[in-house]
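The next block holds one structure in the form of structure tokens; read it before the comments.
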Amino acid sequence: MAMCVEDRISSFPDHILCHILSFLPIEEAVRTSIISTKWRYLFASISTIKFDGHLMRGLTDRNVDSFKNFVDRLLKFPDQVSLDCFRLDDIVSWNDKDRNFNVSDWICAALCRGVKEIDLDLDNLGDILPALLFTCHSLVTLKLVAVGSEITVPSDVCLGNLKTLQLRNASFVGDSIHRLISNCHVLEDLAFIHCDSDYLREVNIQSPSLKRLVLDFDLGESGNLDYVVVINAPNLVYFQYTDAVVEGYTLTNMKSLEKARLNICENDSIDCETSATHLIQGIRNVRSLSLTTDEAIFRTSQLPIFHNLIEFEYGGHGFNGIETWLVEFLHCAPNLETLNLNFPVEAGTRWKALPIEVPSCLSFHLKEIEISCFVTHMIEMVSYFLDNAMVLENLIIRTKGLSVTQTRKVSNQLLQLLKSSKKCLIVIL
């Protein structure tokens, strides 16, 4: 006797079913139309529309026109609900000239439906972006991957409700960046990732609402470095910056900064020390700092006092005199509690012979030190910290790369070192 299975899902209200369908690839959502008459047109009311490269593999010259008509109907169907997200994710196929997809029209249709998020990953994107995109008041999130494209920002740009803006692999000319950001009045999250700096004179970011900023310019592997970075963001909480040191930095009103990640390298064409020192002076209020450099490019004599800094991570290349540089830096962080070191220490460094008084953070505040990529000649550095860290609670040593025999030998050496803090626990991983 056949069992009758109750269809409970179909009894859900339409808006819940549409929400469920929005998590499916668009082709799977369309297939649900054969379930019953109730499901026949539900897919047309989903609020998230995403097309990616997987969809393209099923297209042939025979069905491409049908597909284009389907997308037109899906986006322009009468009495449609507003869109939460519209995404085109494939770097080549959508700009296939032979198939002539009307991507610009599709973007406009999504904008006319009050879309909240647009995510486009397209080759030559700058050629197809409609001007309407830059005056859409419904947009909350805009993500553009524009390999090989120059983004032209119109003079009447106004994105009054945009909170998240992420631009990747794009090029900008003149004051386009400043014009774009200054007309996003509630912007909170901004990222420029691997963008082309060839034509830049200035990266000018003035935003009282901005909370998170990522500037990742590929460590100056190519392109122009003869520009300045200007940031005025009084509510900025997180700042990430990756590049070779550029011509100049003016960072003001960054009193709310909680965390910063700087990954910078030298630039032989400018006064690198002066410029880099201006950069780090601008983030003096930070509480957590991750710093990666290839040289001692900051003048420690001109560093500010980081009164709020409680977490510091240093990574990068070892260099001659790093022990002196690091201890001088620690003098500028009197309240530091956590120190993470991830860099190769060259053999022959002289921690025991440092002619510098012990930083106050070691005497009164530093509770945890973690040393990554430990090698055998770092014993002297470890000994320095154990001798002088009076309130240290945890010393974590990561011995990745050492053999089992080397690790045992190092463990025995470490456990024999004298400790100024009786509470200190040495953990070897």
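The values are calculated or read from the model by the stated rules, or taken from the named source; none is laboratory data. Everything quoted here is computed from the prediction, not taken from an experiment. Please note: Cβ atoms are built from the backbone with ideal geometry, for glycine as well, and neighbour counts cover all protein chains shown. Calculation scope for accessible area: heavy atoms of the full protein, side chains included, ligands and nucleic acids excluded. Shrake-Rupley method; radii C 1.70, N 1.55, O 1.52, S 1.80 Å.
Key figures for this structure:
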read-out	value
3J(HN,Hα) from dihedral phi, segment 407-423, Karplus parametrisation 6.51/-1.76/1.60, rounded to Hz, x for glycine, proline	5, 4, 5, 5, 4, 5, 5, 5, 5, 8, 6, 6, 10, 6, 9, 6, 8
Accessible area per residue in Å² at 1.4 Å probe, computed on segment 305-428	50
Projected label distance in nm at GLU150 and ASP89, using a 7 Å step from Cα toward the beta-carbon	3.1
For VAL147, distant residues with modelled amide H under 5 Å away	LEU122, ASN124, LEU125
3J(HN,Hα) from dihedral phi, segment 303-314, Karplus parametrisation 6.51/-1.76/1.60, rounded to Hz, x for glycine, proline	6, x, 8, 8, 5, 8, 6, 10, 10, 9, 10, 10
Estimated vicinal HN-Hα couplings, Hz - segment 246-254 in sequence order (Karplus 6.51, -1.76, 1.60; Gly, Pro = x)	9, 4, x, 9, 10, 10, 10, 6, 10
Segment 305-428 - convex hull of alpha carbons, volume per residue in Å³	95
Residues whose placed amide H lies under 5 Å from that of TYR227, excluding near-sequence neighbours	GLU247, GLY248
Relative packing of peptides 268-279, 412-423 - highest average C-beta neighbours within 10 Å first	268-279, 412-423
Sites ASP387 and ASN285 - FRET efficiency at Förster radius 35 Å, r taken between beta-carbons, to 0.05	0.65
Long pairs among LYS400/LYS423; LYS68/LYS143; LYS143/LYS211; LYS259/LYS367; LYS255/LYS422; LYS211/LYS400, criterion Cα-Cα beyond 29 Å	LYS255/LYS422; LYS211/LYS400
Calculated FRET efficiency for the pair LYS423/SER360, C-beta based, R₀ 22 Å, to 0.05	0.70
Length released on extending from ASN253 to THR300, taking residue separation times 0.36 nm less the Cα-Cα span	14.7 nm
Sequence-distant residues sharing a close amide H with LEU210 (under 5 Å, placed H)	ASN235
